Number of protein chains: 2
Amino acid sequence: MTSARSRKSGRAGDDRAERGIPEATVARLPVYLRALTSLSDGDVATASSADLATAAGVNSAKLRKDLSYLGTYGTRGVGYDVNYLRYQIAREIGLTQDWSVVIVGIGNLGRALANYSGFASRGFRLAALLDSDGARVGEVIGDLKVSAVEDLEAVVRDNAVAIGVIATPAEAAQDVCDQLVSAGVSSILNFAPAVLVVPDHVDVRKVDLSIELQILAYHEQRKAQELGALEAGAV
Amino acid sequence: MTSARSRKSGRAGDDRAERGIPEATVARLPVYLRALTSLSDGDVATASSADLATAAGVNSAKLRKDLSYLGTYGTRGVGYDVNYLRYQIAREIGLTQDWSVVIVGIGNLGRALANYSGFASRGFRLAALLDSDGARVGEVIGDLKVSAVEDLEAVVRDNAVAIGVIATPAEAAQDVCDQLVSAGVSSILNFAPAVLVVPDHVDVRKVDLSIELQILAYHEQRKAQELGALEAGAV
DNA sequence: AGAAGTTTGTGAACGAGAGAACAAAATCGT
DNA sequence: ACGATTTTGTTCTCTCGTTCACAAACTTCT
Ligand SMILES: NC(=O)c1ccc[n+]([C@@H]2O[C@H](COP(=O)([O-])OP(=O)(O)OC[C@H]3O[C@@H](n4cnc5c(N)ncnc54)[C@H](O)[C@@H]3O)[C@@H](O)[C@H]2O)c1
Ligand SMILES: NC(=O)c1ccc[n+]([C@@H]2O[C@H](COP(=O)([O-])OP(=O)(O)OC[C@H]3O[C@@H](n4cnc5c(N)ncnc54)[C@H](O)[C@@H]3O)[C@@H](O)[C@H]2O)c1
């Protein structure tokens, strides 16, 4: 997994963006991208790290350090050229090319995802919607028809699909995941509350509503306790 | 914000779970809880840290350390009592009480969320569905009727709502957020692609599909580049 | 009872990330 | 031309999180 990661620069004289941006930074780049797009829409040509940091909701030092991993795209005393930086980040993330995506499990959530316009807006193209329920196959959502899950392998092959979205019940998730992986998908976004086991070369990210709510509940409870302790102390 | 955090134990002799579990641990507790529930359903009475770690998809040492923040609930040479540990985690997170939740923005996504059964299963009770679109008000989803967003304050007050879910377009998110906060909500789960500004005492967590896809795309691109470099090197 | 085998809880080493602080590099005003 | 001002890029320090490794504590077998 880490075979080629810690190698110091491949070719001589190529220190720029030395293959390997910290994970925490990668997770923030899309946020910066969004902030830049919003500034660009407002006809702002140049922005300082402080401006950008405010728009992105982060510390300005952190933002500058993040951007420094990509290269030196700013100008001291001036700031960053909004459109130029936007393009550089997009290129670094890989948004200058299109990505084909399949959604498996077209229930409540899958249908919402299929209808989501923000999907296509950033170079993510829906190649197919797949479901195992015969009653759902053939239904039209947006501009796509729901296909049978049996077509998965053909769809992935024909559309060079790299990213699979799982929106099935938890029980089916691992099975669907295995099918995706064996068809050649190497990135998976999982909405089902299940732990997925995948080979090393496959990336999995999960979105879990229930976990988010529980984290909020924990802090909410703590706030209440703190208040209680405060009142008790005041007596 | 950190006023009472670094104080050493409140009462004498009360070192157990000394108010303040690391954030990374808090985020994993719900995963452990899910693993325990699944084991309990399979009539497993006792599980070792290795068993649990496998079920939760984490390192066993990490799991043990996480659990040690709650107290010493395991037995050396044996493992953990599944149901006992399950209760302890649930209590620590605050799931032994019910939490009232409102969803604002009943479009594609909000409707899917409202239909989501996994919501209620863990002590999260939907108090209301709110939308600003008059055409949507009155529509029935699940066992709730969509209310006008003008009712927000009354709903929050009458149901002691602590958690608000935002599923409106990005443009409306900050405005809705402000309304929620001023009505008394102190935890917010945001699905809109917008940076929310809130007072210190309010917690915000975001779920952002677009960001997740972009992170996957970055790694996907890197994998492809690595492969390319490998082939070039082999020539 | 005592030896052998398990498994927890935690100290210590290591690594990653956040933020403060500042020198270097650019612009602007005179 | 040159000092004052702005703002980046980076170094340094500190905090937080992960993982290893092992003594302590428990069970089981003889
Ligand atoms: N609805 C939500 O708001 C929400 C929120 C968070 C998480 N989730 C999770 O997302 C998942 C989907 O939720 P939902 O509400 O859409 O459920 P759903 O029951 O409405 O839809 C599930 C769909 O998956 C299909 N399916 C089942 N097995 C399949 C298989 N092996 N291959 C292909 N398709 C299969 C079903 O036919 C159905 O259409 C669940 O795991 C749920 O826990 C949903
Ligand atoms: N649909 C998805 O799968 C998906 C996925 C990821 C993120 N999102 C995000 O979630 C949000 C909702 O997406 P959607 O597809 O459901 O959009 P949508 O347009 O279908 O629904 C938005 C709803 O919000 C309501 N609304 C607008 N302004 C409001 C206000 N001020 N107060 C109360 N209600 C208001 C609208 O009437 C509408 O019903 C968007 O920000 C979107 O970017 C959606």
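Could you go through region B:222-228 in sequence order and give the Karplus-derived ³J(HN,Hα) for each residue, using 6.51 cos²θ - 1.76 cosθ + 1.60 with θ = phi - 60°, rounded to whole Hz, and x for Gly and Pro?
5, 4, 5, 5, 4, 4, x
Rank B:153, B:139, B:23 by mean-square fluctuation in a GNM of chain B with C-alpha springs under 10 angstrom and give only the top-ranked residue.
Largest GNM mean-square fluctuation: B:23.
At q = 0.15, 0.16, 0.24 Å⁻¹, what is the log10 ratio I(q)/I(0) for region B:114-169, with the Debye formula run over Cα points and no solvent?
With no solvent term, the Cα-only Debye profile gives -0.43, -0.50, -1.11.
Considering only B:116, B:87, B:218, give the residue with the highest GNM mean-square fluctuation for chain B, with springs between Cα atoms whenever their separation is below 10 Å.
Of B:116, B:87, B:218, the Gaussian network model singles out B:218 as fluctuating most.
Between residue B:226 and the same site in the other copies, what are the distances in nm, shortest first, taking label points 7 Å from Cα along the C-beta direction?
Between copies, matching label points for residue B:226 lie 4.1 nm apart.
For region B:15-93, what value does the Rg/Rh ratio take when both radii are computed over Cα atoms and Rh is the Kirkwood radius, given to two decimals?
That ratio is 0.92, to two decimals.
Please list, ordered by chain and number, the residues whose modelled amide H lies under 5 Å from the amide H of residue B:163; skip anything fewer than 5 residues away on the same chain.
B:100, B:102
Report ³J(HN,Hα) in whole Hz for each residue of region B:172-189, in order, from the Karplus equation J = 6.51 cos²θ - 1.76 cosθ + 1.60 where θ = phi - 60°; Gly and Pro get x.
Along region B:172-189, the couplings run 8, 4, 5, 5, 4, 4, 4, 5, 4, 4, 6, 7, x, 6, 10, 9, 10, 10 Hz.
Using just the C-alpha positions of region A:145-191 as equal point scatterers, what log10 of I(q)/I(0) does the Debye formula give at each q in 0.15, 0.27 1/Å?
Those come out to -0.34, -1.09, one per q.
Can you pull the three principal axis extents for the Cα set of region B:99-209, in Å, largest first?
If we take the Cα atoms of region B:99-209, the spans are 35, 27, 27 Å.
Which residues' amide hydrogens lie under 5 Å from the amide hydrogen of residue A:46, considering only partners 5 or more residues apart or on another chain, with H built in the peptide plane?
Placed amide hydrogens put A:82 under 5 Å from residue A:46.
Send over the Kirkwood Rh of the protein assembly as shown, from the inverse of the averaged 1/r over different Cα pairs, rounded to one decimal Å.
24.5 Å
Compute, for residue B:223, the solvent-accessible surface of its heavy atoms (probe 1.4 Å) with the complete set of protein chains present, and express it in square angstrom to the nearest 10.
Counting only protein heavy atoms, the figure is 60 Å².
Counting helices only, and only those DSSP H runs with n ≥ 4, report the 222 nm mean residue ellipticity of chain A as the sum of -39,500 (n - 2.57) divided by its residues, in deg cm²/dmol to the nearest 500.
-14000 deg cm²/dmol
Lysine pairs, Cα distance under 26 Å, 8 or more residues apart or cross-chain: how many in the protein assembly as shown?
The result is 19.
As a test of the definition: which semi-axes, in Å, follow for region A:46-85 when you take the square root of five times each eigenvalue of its alpha carbon gyration tensor? Largest first, please.
14, 12, 9
I'd like the carbon and sulfur percentage of the solvent accessible area for region A:15-93, probe radius 1.4 Å, heavy atoms only, ligands and nucleic acids excluded.
Answer for region A:15-93: carbon and sulfur cover 47 percent of the accessible area.
Enumerate the whole-percent occupancy of each 5 Å bin, from 0 to the last occupied one, for all C-alpha pair distances of region A:152-233.
Reading the bins upward from 0: 3, 14, 19, 16, 11, 7, 6, 6, 5, 5, 3, 2, 1, 0.
Return the sequence-ordered ³J(HN,Hα) values of region B:66-77 in whole Hz as given by the Karplus equation 6.51 cos²θ - 1.76 cosθ + 1.60 applied to θ = phi - 60°, using x for Gly and Pro.
For region B:66-77, the Karplus curve yields 4, 5, 5, 5, 7, x, 9, 9, x, 10, 4, x Hz.
Plugging the Kirkwood radius over Cα pairs into Stokes-Einstein for chain A, at a temperature of 37 °C and a viscosity of 0.692 mPa s, what D comes out in µm²/s?
This corresponds to a translational diffusion coefficient of 157 µm²/s.
Using amide H atoms built in the peptide plane, which far-off residues or other-chain residues are under 5 Å from residue A:206 H to H?
A:190
Connecting C-alpha atoms closer than 10 Å in a GNM of chain B, tell me which of B:106, B:141, B:166 has the biggest fluctuation.
Looking only at B:106, B:141, B:166, the biggest GNM fluctuation is shown by B:141.
The values are calculated or read from the model by the stated rules, or taken from the named source; none is laboratory data. Quick caveat: nothing in here was measured; it's all calculated off a predicted structure. All Cβ positions, glycine included, derive from the backbone under ideal geometry; neighbour counts span all protein chains shown. We work out accessible area using only protein heavy atoms, side chains counted, and drop any ligands, DNA or RNA first. Shrake-Rupley method; radii C 1.70, N 1.55, O 1.52, S 1.80 Å.
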